[in-house]
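Notes follow once the structure below has been shown.
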């Protein structure tokens with residue numbers, strides 16, 4: 001082994017010698033992956049690395065409790081894992097030491113070995129030994145930590161990587177996305193109540209329909225987000241089941257039979273409020289902690305990634321909801337003079353480099369682009385779990401890609417929801433005069449006359465009103481007042497105004513819609 005003062009050092013693995021950057025905390029296995037996979041230039045997400053640090057720490061504690069790992073080594077591994085979770089800033093940042101591309105070996109073996117090597121080398125530094133000493137026989141005989149024999153004890157890439165996938169995604173949803181969706185739902189519910197008295201025209205097929213209250217429309221948006229929050233709780237239940245303990249193919253070879261259950265319990269405690277890892281992976285730990293558990297069936301948990309596909313599908317559904325809300329608001333805010341204009345969107349930036357004074361619905365557009373990306377990510381995750389593509393016999397081999405895409409969706413949606421709430425909804429207001437004016441001009445007002453004069457006469461009234469450029473009310477005053485209703489009773493002007501009351505039309509069984 002050459003001096004660490006040179007640009008490279010030479011390390012060995014089971015395939016032979018490999019030159020490694022002198023100050024890199026990883027070793028030969030990681031360097032091979034760096035050379036093998038120069039694809040995207042994007043390393044495995046930090047959330048996966050931090051989740052891996054938690055898993056290695058938990059495994060060390062469990063192995064110590066099982067009497068398989070001595071307390072000194074276990075403590076050293078835990079200390080190294082804490083440094084990794086902290087971002088390794090004193091060593092130049094985590095990306096320098098976890099450089100393996102997302103598009104690597106499909107089981108994530110390169111990342112698992114990357115973590116093992118970094119943990120072992122951090123222990124070397126702590127013990128005053130040169131980086132790369134972790135396989136030196138004399139060092140190991142004195143209590144040193146080996147990347148495979150100690151850091152990876154009772155584990156395989158095939159169960160640790162999917163476990164890291166689940167832990168990282170669950171914590172991101174629990175700490176980032178779920179609160180953001182909740183805040184968005186709260187705001188929509190508040191506006192639904194605030195604007196419950198604002199009557200406006202409804203629209204179906206982008207054509208005039210019967211009146212609706214603005215609060216009713218926003219209550220629908222709020223309900224979409226409450227359903228979204230419920231979907232996230234379902235996602236957390238799926239992700240809480242961990243593959244750890246299955247090792248290579250799910251049989252648990254080289255692993256204590258209690259290992260999976262104990263590690264799952266250890267992770268639950270570590271990430272609970274006040275736990276040793278409560279501050280890891282970003283976001284505040286909610287009061288209600290996640291409860292991780294060992295997979296009921298390790299063969300399902302490792303041979304397939306159905307839970308990940310399920311969660312991605314749930315996120316896609318929420319993205320569809322968000323796209324509907326954002327698109328409706330930008331339509332209702334179109335104008336300001338030549339569009340619908342029932343909503344006044346906050347002016348957050350100039351909308352054009354050539355048209356002065358133009359303001360665009362940029363927050364809505366940003367949200368919709370995020371939704372498009374989430375749907376695209378879902379397609380990739382789905383194919384990653386697809387039989388013959390990612391799921392092959394006794395292992396899924398598309399896991400790094402699936403993890404990166406799902407985490408991207410979670411983070412994009414969390415930040416987009418907060419952006420939407422703060423930069424759009426909090427400054428949104430209705431144009432009351434515009435809402436009132438459009439109702440009176442709508443031909444769909446004739447709908448409430450159907451129980452009074454019949455469908456055919458109501459349709460003819462609407463067509464004639466459009467032809468003459470009059471409102472339904474104006475023409476009805478001229479042609480309907482004094483005529484008999486379907487029961488033979490003369491229609492008065494007062495009765496007509498009662499039938500054409502927009503507020504009544506927004507009530508189930510209201511007199512306007514029922515004909516009195």
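The values are calculated or read from the model by the stated rules, or taken from the named source; none is laboratory data. Being a predicted model, the structure only gives us computed values, none of them experimental. Reconstructed Cβ throughout: ideal geometry from the backbone, glycine too, with neighbour counts over all protein chains shown.
Among the residues making up the range 344-367, those that are crowded, with 20+ Cβ neighbours inside 10 Å and touching a residue at least 40 places away in the same chain (Cβ under 8 Å) are 345, 363, 364, 367. Of the residues making up the range 311-338, those that are over 18 Å from residue 185 (Cα atoms), surrounded by 16 or more Cβ atoms within 10 Å (Cβ to Cβ) and under 21 Å from the mean Cα position of the chain (by Cα) are 311, 312.
In the set (1) touching a strand residue (DSSP E or B) at 6+ places or on another chain (Cβ under 7 Å); (2) more than 21 Å from residue 161 (Cα to Cα), residue 40 fails one condition alone, (2).
Pairing residues of the range 8-27 that are touching a residue at least 24 places away in the same chain (Cβ under 8 Å) and outside the structural domain of residue 132 (by TED's automatic domain parsing) with residues that are surrounded by fewer than 13 Cβ atoms within 10 Å (Cβ to Cβ) and assigned to a strand (DSSP E or B), at Cβ distances under 8 Å and at least 6 apart in sequence or on separate chains, gives 11/17. Within the range 228-251, not a single residue is in a helix (DSSP H, G or I), under 30 Å from residue 87 (Cβ atoms) and touching a strand residue (DSSP E or B) at 6+ places or on another chain (Cβ under 6 Å). Any residue at all in the range 146-163 that is touching a helix residue (DSSP H, G or I) at 6+ places or on another chain (Cβ under 7 Å) and free of Cβ contacts under 8 Å to residues at least 40 places away in the same chain? Looking for residues that are touching a helix residue (DSSP H, G or I) at 6+ places or on another chain (Cβ under 7 Å) and free of Cβ contacts under 8 Å to residues at least 40 places away in the same chain, one finds at least one in the range 146-163, hence yes. Restricting the range 270-285 to residues that are in contact (Cβ under 8 Å) with a residue 40 or more places away in the chain and part of a loop (DSSP other than H, G, I, E, B), the residue that is farthest from the chain's Cα centre (by Cα) is 276.
One residue alone among 192, 185, 222, 180 is within 30 Å of residue 162 (Cα to Cα) and at pLDDT 95 or above, and that residue is 180.
Per the listing 166, 146, the residue uniquely outside the structural domain of residue 244 (by TED's automatic domain parsing), buried (at least 18 other Cβ atoms within 10 Å of the Cβ) and under 26 Å from residue 267 (Cα atoms) is 146. Among the residues of the range 359-369, is there at least one that is assigned to a helix (DSSP H, G or I) and over 19 Å from residue 317 (Cα atoms)? Checking the range 359-369: at least one residue is assigned to a helix (DSSP H, G or I) and over 19 Å from residue 317 (Cα atoms). Scanning the range 19-39 for residues being part of a helix (DSSP H, G or I), touching a helix residue (DSSP H, G or I) at 6+ places or on another chain (Cβ under 9 Å) and surrounded by fewer than 19 Cβ atoms within 10 Å (Cβ to Cβ) gives a total of 2. Flag: residue 432 does not match the condition of being out of contact with any helix residue (DSSP H, G or I) (no Cβ under 7 Å at 6 or more places or on another chain), modelled with pLDDT of 90 or more, under 30 Å from residue 225 (Cα atoms) and surrounded by 18 or more Cβ atoms within 10 Å (Cβ to Cβ). Against the criterion of being assigned to a helix (DSSP H, G or I), more than 15 Å from the chain's Cα centre (by Cα), under 26 Å from residue 76 (Cβ atoms) and at pLDDT 95 or above, residue 168 does not qualify.
Note on the range 267-276: residues that are under 13 Å from residue 59 (Cβ atoms) and buried (at least 24 other Cβ atoms within 10 Å of the Cβ) total 1.
Working only within the range 372-390, note down all residues that are assigned to a loop (DSSP other than H, G, I, E, B) and surrounded by fewer than 17 Cβ atoms within 10 Å (Cβ to Cβ).
Correct list: 386, 388, 389.
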